[in-house]
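What follows draws every value from the coordinates through simple rules; no lab data is involved. Fair warning: this is a prediction, and the values are worked out from it, not measured in the lab. FYI the Cβ positions are ideal-geometry reconstructions off the backbone, even for glycines, and counts take in every protein chain you see.
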Amino acid sequence: MPAYTAVVAIAGREFGQGACMGAFNTAMSVGMVTSPIISGYIMDILDIRAVFEIAGIISLIAAIAFLVLARGAGIDSLTRTIERKINTFNPTETLSLIR
């Protein structure tokens, strides 16, 4: 969940934080309401195993779409910035603040 909110926060710089968080939370809520209904319908028609197979396929498609869209949104540069900060992190710096 934190990775999604980070992407939403980055998108919020361009489109507005409130609008992006609102759209994200709306999509999450709609998914939480509709997925049990759709899953129950699939289970009635096919069987319970089909529910998990279809959910796995949808998750795989969503992950691929996320990776493609994230690259286009400039997430790679953010990742490099975070990696650079991690690589330059010095744990003894926090000890100097105690003095």
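Legend: calculated FRET efficiency, V30 to I54, from the Cβ-Cβ distance at R0 = 22 Å, rounded to 0.05, equals 0.80. Applying Stokes-Einstein at 4 °C and 1.567 mPa s to the Kirkwood radius of the stretch 31-71, computed over alpha-carbon pairs, gives a translational diffusion coefficient of 116 µm² s⁻¹.
With 0.36 nm allotted per residue and the present C-alpha distance subtracted, the R13-A70 stretch has 19.0 nm of extension available.
Using a simple spin-label model with pseudo-atoms 7 Å out from Cα toward Cβ, A6 and A23 lie 2.1 nm apart.
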